[in-house]
1. Checking the structure you have, find out if any residue of the range 235-246 is closer than 18 Å to residue 189 by Cα and within 16 Å of ligand 3 (Cβ to nearest atom).
2. Specify the residue that is surrounded by the most Cβ atoms within 10 Å (Cβ to Cβ); the eligible residues are those in the range 160-184 that are in contact with a helix residue (DSSP H, G or I) (Cβ under 7 Å, 6 or more places away or on another chain) and closer than 22 Å to residue 242 by Cα.
3. Considering only the range 172-180, I want to know if a residue exists there that is over 26 Å from residue 104 (Cβ atoms) and within 13 Å of ligand 3 (Cβ to nearest atom).
4. Output the residues belonging to the range 92-104 that are more than 18 Å from residue 145 (Cβ to Cβ) and not in a loop (DSSP other than H, G, I, E, B).
5. Could you list all residues from the range 178-216 that are part of a helix (DSSP H, G or I) and over 20 Å from residue 348 (Cβ atoms)?
6. Cβ-Cβ distance below 7 Å, separation of 6 or more or different chains: which pairs start in the range 87-107 with a residue that is not assigned by TED's automatic domain parsing to the domain that holds residue 39 and end on one that is within 16 Å of ligand 3 (Cβ to nearest atom)?
7. Is there any pair linking a residue in the range 273-285 that is under 12 Å from residue 301 (Cβ atoms) and more than 16 Å from ligand 2 (Cβ to nearest atom) to one that is modelled with pLDDT under 95 and in a loop (DSSP other than H, G, I, E, B), with Cβ under 7 Å and at least six apart or on different chains, and which?
8. Against the definition (surrounded by 23 or more Cβ atoms within 10 Å (Cβ to Cβ), closer than 21 Å to residue 352 by Cα and within 13 Å of ligand 1 (Cβ to nearest atom)), how does residue 276 come out, yes or no?
Ligand code: APR
Ligand code: ZN
Ligand code: ZN
């Protein structure tokens, strides 16, 4: 028996989102229906609404979510009804070449639920990042559900589903930050602040936050920054070098994803250091680099997909650190809102004061 619940959709390009009735089918083989308890508002949801990702309207938005499994389909053994889970958009296949090479974070055959959720007239919905969790319930592949300690508040736990995990993972997984390292993070939105926090968690002792917005710089200290650089007035490459005895930082993370910030990250790293691109560029962006610089810089230039995370490994670990008081994930939750306030949250998102608005149910 399918069921009808309330959810937020983007019906057509660049139009305000709306709350409407969504039909959720019973879970098929390998699928689960999850009762959503909280879902964060992310730039990617707005990006879907703007038509910047694809044209498969209408979208069921929302993808940074935690909730409780309500029912599971045939063959599902890893999660059961009643389990408290965080959702992820990359349920790895375990079978492709990347998975078999032991690098499942590069899996290129990740999967989502195969049955569509629909409007009441039968129109199929495209769930944002294969999740669609601005909705009282959603249908996902069971592999998109990761069990975590149920004492973690849903508004906090759900954030691991996207930007916060991307940022923390860019430092602890991709950048492989070591105790005593110097780390610079360029761009201090939710992703960059999380990268700072991840670098601090890994034991970095020099933590440099770079942004063009002084409100972000003021806040960076509480996310672990030992130094800040206003790159609207100072050259960040020179500033990072000065703060690291002229060497450059061991790890520089570009959490903006623009040509100029990527080049700053590339040039501000130590000769043996690592530049990590976690901000997501757009197709028309290009960079030009003297080949001799690429040769002469040694080290590594890496990109970080979703923090190169493994949900089964990283979500429970980060939640445990949070519950032990060693990782302040709650610092990302600026406000709790209701489903009908998602459109308002899009408007305040770029205002500089909000890290995450979270819909709670
Ligand atoms: N130099 C330094 N900081 C910059 C620059 C720049 N040239 N341009 C923008 N910024 C800062 C902004 O002031 C802001 O603080 O980068 C930050 C970006 O923050 P958000 O817009 O909140 O983005 P966030 O959610 O953190 O995501 C960052 O990761 O997931 C991707 O698509 C996402 O590319 C985006 C990036
Ligand atoms: Zn795979
Ligand atoms: Zn997101």
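1. From the range 235-246, those closer than 18 Å to residue 189 by Cα are 236; that's our starting set.
Retained after the next criterion (residues that are within 16 Å of ligand 3 (Cβ to nearest atom)): none.
Within the range 235-246, none of the residues are closer than 18 Å to residue 189 by Cα and within 16 Å of ligand 3 (Cβ to nearest atom).
2. 184
3. Filtering the range 172-180 for residues over 26 Å from residue 104 (Cβ atoms) gives 179-180.
Retained after the next criterion (residues that are within 13 Å of ligand 3 (Cβ to nearest atom)): none.
No, the range 172-180 contains no residue that is over 26 Å from residue 104 (Cβ atoms) and within 13 Å of ligand 3 (Cβ to nearest atom).
4. Within the range 92-104, the first condition is being more than 18 Å from residue 145 (Cβ to Cβ), and the residues that meet it are 95-103.
Of everything in the range 92-104, those that are more than 18 Å from residue 145 (Cβ to Cβ) and not in a loop (DSSP other than H, G, I, E, B) turn out to be 97, 98, 99, 100.
5. Taking the range 178-216 first, the residues part of a helix (DSSP H, G or I) are 190-201, 214-216.
Passing the criteria: 195, 196, 197, 198, 199, 200, 201.
6. Every condition considered, no pair remains.
7. 273/299; 274/299
8. On the way: surrounded by 23 or more Cβ atoms within 10 Å (Cβ to Cβ): yes; closer than 21 Å to residue 352 by Cα: no; within 13 Å of ligand 1 (Cβ to nearest atom): yes.
It is false that residue 276 is surrounded by 23 or more Cβ atoms within 10 Å (Cβ to Cβ), closer than 21 Å to residue 352 by Cα and within 13 Å of ligand 1 (Cβ to nearest atom).
The values are calculated or read from the model by the stated rules, or taken from the named source; none is laboratory data. Being a predicted model, the structure only gives us computed values, none of them experimental. Note that each Cβ is placed from the backbone with ideal geometry, even for glycine, and that neighbours are counted across all protein chains shown.
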